Structures are given as structure tokens and as C-alpha cells.
Amino acid sequence: MCGGKGTRMNLPQEKLLLKYKNPVIQHVINALQESGCFSKIIGATSSNAPRTNEFLKSLGISTIQTEGNGYVNDLNQILQNFNEHVFVISGDMPLLDAKIIREIVQLVDTKNTWTTVLLSKNFLDSLHVKTEYLIIYNKNEYSYSGISIVNPICLSGMKPVEESYVVLDDKSIALNLNTKQDYDLLGTT
């Protein structure tokens, strides 16, 4: 997923092109490619991120244009294009690596329609990573990592589905660049 406006960053440039050695989105693409887990990598972009779309194409990555009407709407729109499991990931995870991707793929039960990777609030607090959205799971607080594995064949439009969870407290998936403070924190790693 790489078509958001990045409004919380409050920066003039597209957030996925911010540099952390390379543009942030390139770290995600490299990790996905190096994992050896996927037959195809596709970027879900929108008119909100034209330069990101151009950058992905320059890397040889196919893109699907979404309407740019928010993460949930855009995700539901693109999932209609697939008939096999989809590894959904936010394009703003600069610490992502191939090892953690392989671990996630092995942990997921493909019988589930939707599996989401969670991080514990305590773990995020220990890294000084702030999160806006918390859920209660097994009587503890967790945050979404930005990673899900979805079987789109079992979906019916925007109807709710039973969500399964995998808890994985790992630094490489803990930081999503949503705010300027997140980008500043990245500089300290």
C-alpha cells in the first residue's frame, strides 16, 4: 500500500520517497524481493502519490491505481483484483527485512480469510514508538503493524470478516512512518 497522502507527516514531499539511505519504499520492495516468498510485487498507488508511482515503475514494479479514498477503501478495491493469497504491507516500513517476512509467511495459517500481524503496546513503548490505534486481544493492548495476509476469494465486498491475529514483537516491523516524529525516530536507529 503506497498511495496515501501522508498528511500527518506535514512535509512537502511524498513520504515514501523520504530518504533512509534509500527512499523508504525501496527498503520495503528490497525486503519483499529478497524474501523469495512472492511471485509478484504490486504497488497500490493513487493520484495522491504520483512520484511514488513513477519511482516504483522505474524499479520495474507493477502498480494498481486506487481511488485514494483511504486505506480501507483502497485495500478493498485492490483485493477484488486477486484470486490468491495477498501479503498486504504498508510502504512506509523502512526497517523491514527479508527474514521477518519469511517468518510472518511461515506463522500464518492460510486457512484463515484475514490474518493481521500485531505488535504489543508494551514492546512499542519500549522502543518509544507511538501508536494511535490500539485493539484489545487476549486482554492486552496491541497495535496493527501494517501487515496482513488476505485470501480475497473469501471476501464479499466491504462485509466484515473474522480476523485472525499473529503477535510478533520485532523491531523491523515496529516503525511505520506516519508522522514527522516517526521519521525523526528513524534517524536515531
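The values are calculated or read from the model by the stated rules, or taken from the named source; none is laboratory data. Worth saying up front: this structure is predicted, and the values here are computed from it rather than measured. FYI the Cβ positions are ideal-geometry reconstructions off the backbone, even for glycines, and counts take in every protein chain you see. What goes into the accessible areas is simple: the full protein's heavy atoms, side chains included, and nothing from ligands, DNA or RNA. Shrake-Rupley method; radii C 1.70, N 1.55, O 1.52, S 1.80 Å.
Descriptive notes on the structure:
- Among the residues of the stretch 145-154, those that are crowded, with 17+ Cβ neighbours inside 10 Å and either out of contact with any Ser or Thr (no Cβ under 6 Å at 6 or more places or on another chain) or more than 23 Å from Asn76 (Cα to Cα) (or both) comprise Ser145, Ile147, Val150, Pro152.
- In the stretch 12-54, the residue that is farthest from the chain's Cα centre (by Cα) out of those that are among the hydroxyl-bearing types (Ser, Thr, Tyr) and closer than 24 Å to Gly187 by Cα is Tyr20.
- If only residues of the stretch 88-136 that are among the charged types (D, E, K, R) and under 24 Å from Gly4 (Cα atoms) are counted, the one that is most open to solvent (accessible area, probe 1.4 Å) is Lys130.
- Consider the stretch 55-76 and keep the residues that are in a helix (DSSP H, G or I) and under 16 Å from the mean Cα position of the chain (by Cα). The one that is farthest from Glu14 (Cα to Cα) is Asn76.
- Of the residues making up the stretch 68-91, not a single one is over 24 Å from Asp109 (Cα atoms), among the β-branched types (Val, Ile, Thr) and in contact with a helix residue (DSSP H, G or I) (Cβ under 9 Å, 6 or more places away or on another chain).
- Taking residues in the stretch 76-88 that are modelled with pLDDT under 90, and partners anywhere that are open to solvent by 80 Å² or more (accessible area, probe 1.4 Å) and not aliphatic (A, V, I, L, M), the pairs with Cβ atoms closer than 9 Å and at least 6 places apart or on different chains are Gln77/Glu67; Gln77/Asn69.
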